[in-house]
1. Any residue in region 100-123 that is acidic (Asp, Glu) sitting within a Cβ distance under 6 Å of a residue that is in a strand (DSSP E or B)? List the pairs, counting only those 6 or more apart or interchain.
2. Criterion first (over 27 Å from LEU196 (Cα atoms) and assigned to a helix (DSSP H, G or I)) does LEU1 satisfy it?
3. State all residues of region 91-105 that are of a type in the set (Gly, Ala, Ser) and within 13 Å of the ligand (Cβ to nearest atom); if no residue qualifies, say none.
4. Identify all residues within region 127-178 that are acidic (Asp, Glu), exposed (fewer than 15 other Cβ atoms within 10 Å of the Cβ) and under 26 Å from ALA193 (Cα atoms); write none if there are none.
Amino acid sequence: LKAPVITIDGPTASGKGTVAQQVAEVLSFHYLDSGALYRLTALASLKVGIDEDDVDTLVELAGDLHIVFREGCVRLDGEDVSNEIRAEHVGNRASAIAVHGALRQALIARQRAFRVPPGLVADGRDMGTVIFPDATLKVFLTASVAARAERRYKQLIEKGFSAKLDDLSRDLQARDARDSQRAAAPLKAAADALTLDTSGLSVEQTVETVVGWFRERT
Ligand code: C5P
């Protein structure tokens, strides 16, 4: 019997990460930030100087990355890059390389390896559609562009990055468009996902709703 999985997919800055981490905490489940894997690959590709369309080299790089998630921090080849991977240019590069089907394939096993007892909460774009199609509960989180730009702005400022609301709003719409329109595992709600618009909800309300849905099913 496989461990239960809750998938939380949605567009950039819809609150997936915060909500997924808190749901995992409430249920004492493991947590997978799949976007971090794309961000780590992006960061490594920038450091090494690999072109965003050089798929073969990107696949090789992804296979070689030594990644450790621990206590909210992530290490890449021994270096703590938890903050560095959150920079906007790394997120944009992540979205640019995430269009490559071969690279996505190369990251599948790493993601599925997180599914261990007592259970997993996984957030991303294709958790419910591709990585864990048999998930116990699939959630699709949305929020208005304005609400998401505002959240991302606060996040970046808190992390010590500079940011402009207008630029963020434009960037996140461009990223949504690319993530939704790509051929390989595009951003979309799974047919059996429950959609939740979080524009007017607090994190606590969102977490409660998701945990409630999960408990109804188990
Ligand atoms: O979620 P986050 O903003 O950290 O993800 C960065 C980028 O990685 C996304 O814009 C998306 O292009 C890509 N991604 C993906 N599939 C996932 C998670 C992230 O394509 N499961």
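Read the figures in this text as sums done on the coordinates, not as results from a lab. The structure presented is a predicted model; accordingly, all values stated were derived computationally and were not measured. Cβ placement follows ideal geometry from the backbone for every residue including glycine, while neighbour counts extend to all protein chains displayed.
1. ASP123/ILE8
2. Criteria not met by LEU1.
3. Correct list: GLY91, ALA94, SER95, ALA96, ALA98, GLY101.
4. ASP134
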